[in-house]
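Just below is one structure, and these are the notes that go with it.
The values are calculated or read from the model by the stated rules, or taken from the named source; none is laboratory data. The structure displayed is predicted, hence computed values, not measured ones. No Cβ is skipped: glycine too gets one built from the backbone with ideal geometry, and neighbour counts run over all protein chains shown.
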Amino acid sequence: MANSLTSQRLVALFCCGWVLLNFPLLGLWDVASTVLGVPLFPAALFTLWALLIAAVAWLMERQTPETRDD
């Protein structure tokens with residue numbers, strides 16, 4: 001049961017990442033401004049990418065009641 005739920009969450013996270021890193025929403029970041037000296041577009045790409053990796057890591061390292069080693 002828990003493995004199926006984790007798989008569903010991973011698929012949902014993949015879909016969210018696909019939407020966030022696809023053209024229509026990615027075009028919002030293509031402006032001529034900087035964040036701490038870094039152009040906004042690469043900074044936004046790196047931030048979104050890092051957040052997706054952190055979400056996947058948190059999801060995979062989470063302990064469910066069925067997988068605990070008591």
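A Cβ distance below 9 Å, combined with a sequence gap of six or more or placement on separate chains, defines the contacts here; from segment 46-67, residues that are loosely packed, with under 11 Cβ neighbours inside 10 Å reach residues that are modelled with pLDDT under 90 and in a helix (DSSP H, G or I) in the pairs MET60/THR6; PRO65/ALA2; GLU66/ALA2; GLU66/ASN3; THR67/ALA2; THR67/ASN3.
Would you check if THR67 is outside any helix (DSSP H, G or I) and modelled with pLDDT under 90? Yes: the conditions hold for THR67. Residues in segment 20-67 that are farther than 20 Å from SER4 by Cα, in contact with a helix residue (DSSP H, G or I) (Cβ under 8 Å, 6 or more places away or on another chain) and of a type in the set (Val, Ile, Thr): VAL31, THR34, VAL35.
Could you look through segment 3-29, keep only residues that are of a type outside the set (A, V, I, L, M, F, W, C) and surrounded by 11 or more Cβ atoms within 10 Å (Cβ to Cβ), and pick out the one that is farthest from GLN63 (Cα to Cα)? The selected residue is GLY17.
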